[in-house]
Structures are given as structure tokens and as C-alpha cells.
Amino acid sequence: MRIGVLTGGGDCPGLNAVIRAVVRRGVEVHGHEFLGFRDGWRGPLEKVTMPLDVRATRGILPRGGTILGSSRTNVMKVEDGVEKVRRNLEELGVDALVAIGGEDTLGVATQLAAAGLNVVGVPKTIDNDLNATDYTFGFDTAVQIAVDAIDRLHTTAESHHRALIVEVMGRHAGWIALHSGMAGGANVILIPERPFDIEKVCDYVEARFARQFAPIIVVAEGAQPKEGTMELQTGDLDSFGHVRLGGIGQVLEREIQARTGYESRQTVLGHVQRGGTPTAYDRVLATRFGLHAADAVHEGDSGVMVALRGTDIVRVPLEEATRELKLVPVERYDEAEVFFG
Ligand code: F6P
């Protein structure tokens, strides 16, 4: 069997660990051959490939990014996209694909599987917002990076008596903000699932200063004020129709300083959260996903995604995984609220 592998969407610590595990198990246990597709769906669409054997995957376990490259190319936005992919795979002698990606990449994988192609998905996203899996790899690393930053910001906030706002990733789901805010002892956490009241945020800021401590506000990039309370500007759209976010930290910096009189500063963590080496947890999860994805392909399974349920790796229909996003439940946010202010 010849198996193609691709990584799509935003990069994520642990991608290389998945690639290494798929190839190692696929070659050494099942006796298959691999082909790397470059830059997400651009690879199969434009026949951009690279050799992918055990040798090519040596030493990549701790490396961030992806040796295959990534992009946000959307097959469904290209005329005859599905047929082009089918034809190219046939010409290259590729029998099945392992697609490693988030909601967008796996959304395309779902449609290709429905069109009869052999595709197995591996869930990837630092956002942890994919349904049907308890965790995605990359999330633990992103949270740890944010917590390291918050720990450092506490001491500078105290020294300067400033309100410090930390903007983290998460356009639809506030998992990174919730976990890093809880682990980092934030005094306010703002997430997309719960529109915020700027007056309440300022009350928390003042309450914290009243106790002779300086507040840390962790905000997800997709957090929104309650309707009609504050103006936000919108950005450009990518090929999957997502708005390019970023800017809520700046708005909060301005509003908090104007409303409370306390000096405020924002730190936008941005792509630092996606870069560099994965944590041990993410390396193990990514490796286990890779091993199980190789088994799924070997057994002729298609239209499925490997997923973490408790401590087990299971297979779930791709459709179930991509139907809706996994958002932060109300009760999880309520747990954190006791530490606000
Ligand atoms: O989906 C992963 C993610 O890092 C999101 O948290 C973020 O909103 C988005 O990607 C940023 O995308 P880009 O790197 O293309 O600007």
C-alpha cells in the first residue's frame, strides 16, 4: 500500500511526532510505503510531494512545526478540486491519505471520504476545539507557553502597579484562555463563549488593586463584549472564511485605562503559542494518534478520525468530529470565576 500524509491549517507542536509515528508503524509493522504531500491540501491538489520514509523522520520527535509544511488551501474552493485530488492520487499510486489537521483540514477530509477516497484523520489544533476527542495535541504546549508568560507578567504587573492584559489564541473557543488563566492565577478570564461586560471587568481590576495586588486579565482573541457595549473592528477573511483576529487586547488596554485610571498594558502572545518543541504530554498524545492512524489505514478504514476518549485512542466518524466545535461549557467557566477580582 502507498499512503500519503499531509498536515494542514495552522502549525502545531506535535505534528512531526505524528508523522514519525505513522511512518514508523506503517513501514516497520505493516510494510507500507509513504509519500509526503507538501503544504496541506495544496500537495494533493497540485501534486507537490516529498519523499517520506523512516530515514526522513529520524530526529523530528521534539521539533516544532511540520517537515511537510502547511497551508490553509481549501480543496472545496478550487474548481473540480475533489476530482483533481482523486486524479493526482491515482497518478501517484497513492491508495490512502492520512490528513492531520483541525476543523478545516478535517472538514475537507470528510468530504473527500464521502466522495469515495480513503482518508483517515488525525485531530490537531492548539485550540482544543475539535469535537469527539477529549484533547488535541498542541493544546498542552500552547497552555504551558501562555502560563510561562503569565507567571512572568505577574511580577512586572506588581512592580509597576499596572493592569496587564494577555491576549491568547482561540477564535471560537476559549480553552487556551481558560486553562492558562486558571493555571496562571489570572484575575479575569474572557472567552468567546461568554460575552463580557466591560464595567464588570473594570470592577474586578479595581478590586484587585484595592487588595494591593496588580491584576492580570487573560483574554482569548475571539472574546466579544456584550452587544452594544463596545465597538470592535473586524479583519480580513482567510480561504475558509475565518476573520483574522487580534486586537481585543489593545481595545481592553485602552478601555481599562480610560475607565479605571490605572495604567494598563497588553501582551499579545500570538504565534509564540504554536512554535517550538511540544511538551511531553503532547509528544505522547501525538505519537499515539500516529500509531493508531497507521493501523486504521492498514485495516482499510476510511472516513474516520483517531480520537482520545479518557486514556484510550478510539476511531470516530470524521463527520462527527467536524460537525460542531467543542466550546467551553458554562460550568467550566463558572468554576474559574471564583478567582476573579
Ligand atoms: O487554529 C489555530 C490558530 O492558531 C487559532 O488559534 C488562530 O486564531 C489561528 O490559528 C491563526 O491563524 P493564522 O496563523 O493563519 O493567522
Can you tell me the FRET efficiency between Asp148 and Glu46 if r is taken as the Cβ-Cβ distance and R0 is 35 Å, rounded to the nearest 0.05? 0.35
Quick check: at a probe of 1.4 Å, how many percent of the accessible area of the range 253-341 sits on carbon and sulfur atoms? 52
How much accessible area does Met50 have with a 1.4 Å probe, in Å² rounded to the nearest 10? 40
Using alpha-carbon coordinates, inclination of helix 15-28 to the longest axis of the chain, degrees: 20
What figure in square angstrom, to the nearest 10, would you give for the accessible area of Leu35 with a 1.4 Å probe? 20
Placing +1 on each Lys and Arg Cβ and -1 on each Asp and Glu Cβ in the chain, then taking the dipole about the Cα centre, the residue among Ala296, Leu61, Gly8 whose Cα reaches farthest towards the positive end is Leu61
Give the angle, between 0 and 90 degrees and rounded to the nearest 10, that separates the Cα long axis of helix 280-298 from the longest principal axis of the Cα atoms of the chain. 30
Straight-line reach only, C-alpha to C-alpha below 18 angstrom: list the aspartates and glutamates that Lys47 could link to, leaving out same-chain residues fewer than 8 apart. Glu33, Asp39, Glu79, Asp80, Glu83, Glu90, Glu91, Asp95
Hey, if we sort Tyr135, Tyr333, Tyr204, Tyr281 by accessible area with the 1.4 Å probe, largest down, what's the order? Tyr281, Tyr135, Tyr204, Tyr333
Heavy-atom SASA rank of Asp104, Asp282, Asp80 (probe 1.4 Å, accessible area, largest first): Asp80, Asp104, Asp282
Reachable lysines, given that their alpha-carbon falls under 20 Å from the alpha-carbon of Lys200 and they are not under 8 places away in the same chain: Lys226
May I ask for the angle, rounded to the nearest 10°, between helix 81-92 and the longest principal axis of the chain, with both axes built from Cα atoms and the value confined to 0 to 90°? 50
Using helices alone, what [θ] at 222 nm do you get for the chain, with -39,500 (n - 2.57) per DSSP H run of 4 or more residues, divided over all residues and rounded to the nearest 500? -12000 deg cm²/dmol
What residues have an amide H closer than 5 Å to that of Ala163, excluding those fewer than 5 places away on the same chain, when H is modeled at 1.01 Å from N in the peptide plane? Glu263, Ser264, Arg265
Would you kindly state the longest site-free stretch of the chain, with sites defined as GluC sites (Glu not before Pro) in a DSSP loop (not H, G, I, E, B) surrounded by at most 16 other Cβ atoms within 10 Å? 80-226
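The values are calculated or read from the model by the stated rules, or taken from the named source; none is laboratory data. Predicted, not measured: the structure shown is a model, and the values here were computed from it. Cβ atoms come from the backbone with ideal geometry, glycine included; neighbour counts cover every protein chain shown. These area figures cover heavy atoms from the full protein model, side chains too; ligands, DNA and RNA do not enter into them. Shrake-Rupley method; radii C 1.70, N 1.55, O 1.52, S 1.80 Å.
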